[in-house]
Structure formats: C-alpha cells, structure tokens
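The values are calculated or read from the model by the stated rules, or taken from the named source; none is laboratory data. Source: prediction; values computed, not measured. We place every Cβ from the backbone using ideal geometry, glycine too, and count neighbours over all the protein chains shown. Remember, those area values only see protein heavy atoms, side chains included, never the ligands or the DNA or RNA. Shrake-Rupley method; radii C 1.70, N 1.55, O 1.52, S 1.80 Å.
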Amino acid sequence: MNLDIERGALPALDAQDQILAHALQVDGRASFRRIAEVLGVSDQTVARRYTRLRSAGVLRVLGLTDPLRLGEVPWFVRIRCAPSAAAQIGEALVRRRDTTWVHLAGGGTEIFCLVRARGPHGDTLLEKLPGTPRVVDVSAHCLLHVFFGQDRSLITKTGPLTSEQVAALKPQDGQDAPETPLAGPAPAYPLEEADCRLLDALARDGRASIGELAAATGWSQTTVRRRLAELRSAGVLYFDVEYAPRVMDRDFRASLWLSVEPSHLDAVGEALASHPEVAFAAATTGPTNVFASITTHDAGSFYRYLTGPVAALPGILGTSTAPIHRTIKAAGPFAPSAP
C-alpha cells in the first residue's frame, strides 16, 4: 500500500529496488539469506540495499493485524468539515491507535479514514465525531469483505519476480496465512497481554529481530518464533510494505465508491482485484457498497480507467470519486516517525 506522507521528494524505485520490494511484499519476514538465494545475489547485497531504503524512509515493513479476526469492526469514515479545521482534526485522528489510512481530500474540506471499533455499534470516536466543532457531516460504512489488499499490494500484480520466485518466497511458518483473511465467520482470536506487546513491536517494525521481540514480550526466542507462526497461520497477523511518496512512480490517487447490484457484488470485487490500478478493494455497507483505492500515473489515466475498465463492470448503478490530496497516516496504529 502506498504511503503518501509528505517527507520530501524521493526518486522512483530502480529495477533492483523493485525486486527487493516485491520479495518483501511476498514475505516481509523472509531472511536476507532466503531472499538472496531466490534472487541469486549475496545476502550482504540484500541487507545493504534494504538498510539503505529503510534508513532513507523509502519503504518499511509492518506487521499488521486483521481486525475481524480480533473481534473488531472496521469502518470507512468520511468527515466533511470547515476548511480551516481539516488539518487539525486529521492530526487528532492520526494520534489515535484505532485509526489508519487518514487522508485529506475535497480541497481540504474532507477527511477519509478507517476506524477499528470494538463491537458492532462502534465506539466513542464514532459517537463523538458528529458533535465535534467544525465537523459538518459524518458518514460511516462497515467493511464487510476484502477483495484485494492487506498483505497484497500493487507490486503483487505488477512486480518483477517470476511465479517461481514468488512461490519460493512464500512464508515458511508451517502454513500460509489465508489469502482472504476476512472471508467467512470466525470467533475473535484470543490474545494475551504479551501478544499485544508482540504486535505493537511488529506494527512499528515488521522486521524486528527475534531478540528484540523476545525483549518486548518477555518470552524466549523459541516462544516468539512459535507464536509468530501461530498468529500468521490463524490469519491474525500479516506483513505489508509501505512506500514513501511517489517511489512507485504513480502520482494520482483517488477513492472510488461504487453502487453495485447485490447479484454482481462478488464479480465486481474480483474484477477490481485484478485491475493494476487498484491498491485496495472491499465490500461495505451503505448505498455505495464497494470501495476501492485507485492509483494511476495522472488524472488523464484515472479518467481512462473510469471510462474503460470501471464502465465495463457488470451491475454498476452509480459511482463516486474523490482525489486524495495527502495521506497523514497510513497502515498500522502508529504514525511513522521521520527517517
């Protein structure tokens, strides 16, 4: 998923960087040795390149959790506010641990974000937002099913690795995490206090060493390895790669909401999942029942996408779009610190 927090201009990833980024998207915890073996280079080369990219703030690996597996309810929230209030309200949302993907849009009068609430009826944030000073309107739509996203990103579709290399890099924790972790009902996965400390550490650095994770949890290194495997196999924990502005060489991002006939919902979702422009797609509640995050090279490319692949989708009753001006918080509970 593309991180567009303003940190200054950075060049697009070169060919070798893209190879490494694709490998990390397949398995963010893969050892440098295993990546090097698959890519046919030395592990020192892989480690040096990753350290350079991470230190420069170009990319980072995060360990993230599936909210529905933890008994949380994710909500897409759209907030319309007075122009002078958007930045202040947005920064307040960034500081909360229950928010991700906080975007500024609508010429500075609209905020989009994902809120992870406890229970089906939301929490104090969703209850308080309508009464917040200078907030004009709030709408919230529950996320029901993910068609594309989480541990898969744009580079998953267009990256340089061969299918054989991808297969060789798949997680080796005993069992791959489910490809669609949010599909199907499941009881909330129980977590202990030490699990929460483990997940917090991974949300800050998905490649934290086993020793660092052992120190954070108080567990032995053997217990840390076992618990990591259990959480991944259960679909609770997955790993994603975040990118700094424009390093994927795409400058235009927008949110797309579709109103789709229920009989075509799955077909539309699966089609969106295959489109190279779609970074994330999910079914939601509400009159617009499909949400997608779109990234293209420019506004003209976005127009051609809307009038081409989107227009060809079956059962579309209506669309709504909004360009994203700036992202002030991306995936995970913690806002990134400056590199």
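Only helical runs count toward this figure. For the chain, summing -39,500 (n - 2.57) over DSSP H runs of n ≥ 4 and dividing by all residues gives -9000 deg cm²/dmol at 222 nm. Cα centroid separation, the range 182-240 to the range 56-97: 21 Å. Accessible surface calculations at 1.4 Å, restricted to protein heavy atoms, place the chain at 44 Å² per residue. Heavy-atom accessible area, probed at 1.4 angstrom with all protein chains present, ranks Trp75, Trp257 as Trp75, Trp257, highest first. Based on the Kirkwood approach, the hydrodynamic radius assigned to the range 209-339 is 17.6 Å, with every pair of different Cα atoms included. With the convex hull drawn over the C-alpha atoms of the range 257-301, the volume per residue is 73 Å³. Size descriptors for the range 227-288, from the alpha-carbon set: Rg then Dmax equal 15.7, 42 Å. Straight-line cross-link reach from Lys157 at under 22 Å between alpha-carbon atoms covers these lysines, not counting any fewer than eight positions away in the same chain: Lys170. Each Lys and Arg Cβ is given +1 and each Asp and Glu Cβ -1; about its Cα centre, the chain then shows a dipole of about 720 debye.
Quick note on the chain: its Rg to Rh ratio, both from C-alpha atoms and Rh being the Kirkwood radius, is 0.95.
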